[in-house]
Amino acid sequence: MICRRYALMVPFALAMAPARAATPAFSFPSIDGGDIALAAHRGKPVLVVNTASQCAFTPQYEALQQLHEDYGDRILVLGVPSNDFGGQEYGTEAEVKEFCEVNFNLTLPLTEITKVKGRDPHPFYAWAAKNGVRPSWNFHKILLDGEGRIVRDFPSAIGPESPRLRRAIDALL
């Protein structure tokens with residue numbers, strides 16, 4: 001059973017994309033309290049990245065922060081801490097938040113620790129899997145267009161500073 005705080009919100013972009021089925025609007029609980037509703041960012045690209053604080057790819061936080069600063073409010077860069085790959089995330093949101101602030105001075109939005117795979121994943125990741133996108137490790141990146149459709153995904157080894165990833169974002173602006 002899906003936890004109520006992960007429940008799907010109303011579909012968005014119905015009028016904007018009549019040729020395709022509307023993408024459900026998803027909401028993530030914020031590490032700072034409240035919710036991060038993807039529908040609130042309609043009209044701009046969204047980069048959703050499952051993260052972990054104790055992973056070989058953790059230094060990518062620095063480049064994610066740089067993306068967040070370089071693009072400003074033209075895109076949403078969303079970090080989604082998860083303990084699903086190798087048990088490499090801290091046990092509490094407070095530990096994750098402190099680690100990210102102290103080590104990377106992160107200001108990009110982060111969610112609470114979130115289930116990405118397995119039984120009862122967050123609805124966003126269940127939807128992505130139904131659309132052929134399944135993160136295989138930490139720091140997998142899923143790029144959505146302004147209507148919330150998956151445009152591309154990038155494996156962990158493709159960093160946020162990659163020209164390929166930046167070109168994909170730029171093409172959506």
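Gap in Å between the Cα centre of the stretch 138-173 and the Cα centre of the stretch 30-61?
Here the two parts' Cα centres lie 13 Å apart.
Antiparallel as a % of all DSSP beta bridges within the chain, to the nearest 5?
65
Based on the Cα gyration tensor of the stretch 43-172, what are the three equivalent ellipsoid semi-axes, each the root of five times an eigenvalue, rounded to whole Å and given largest first?
Listed largest to smallest, the semi-axes of the stretch 43-172 are 21, 18, 13 Å.
About the Cα centre of the stretch 85-161, how large is the charge dipole given +1 on each Lys and Arg Cβ and -1 on each Asp and Glu Cβ? Please answer in debye to the nearest 20.
So the dipole magnitude of the stretch 85-161 works out to roughly 480 debye.
If you place +1 on the Cβ of every Lys and Arg, -1 on the Cβ of every Asp and Glu, and leave all else neutral, what size is the dipole of the stretch 43-172 about its Cα centre, to the nearest 20 Debye?
660
Applying a 10 Å radius around every beta-carbon, put 78-85, 162-169 in order of their mean neighbour count, most first.
Averaged packing, sorted descending, gives the order 78-85, 162-169.
Every number here is computed from the coordinates shown, using simple stated rules; none is lab data. Treat the numbers as computed from the prediction; the structure is a model and nothing was measured. Cβ sites come from the backbone with ideal geometry, for glycine too, and all protein chains shown count toward neighbours.
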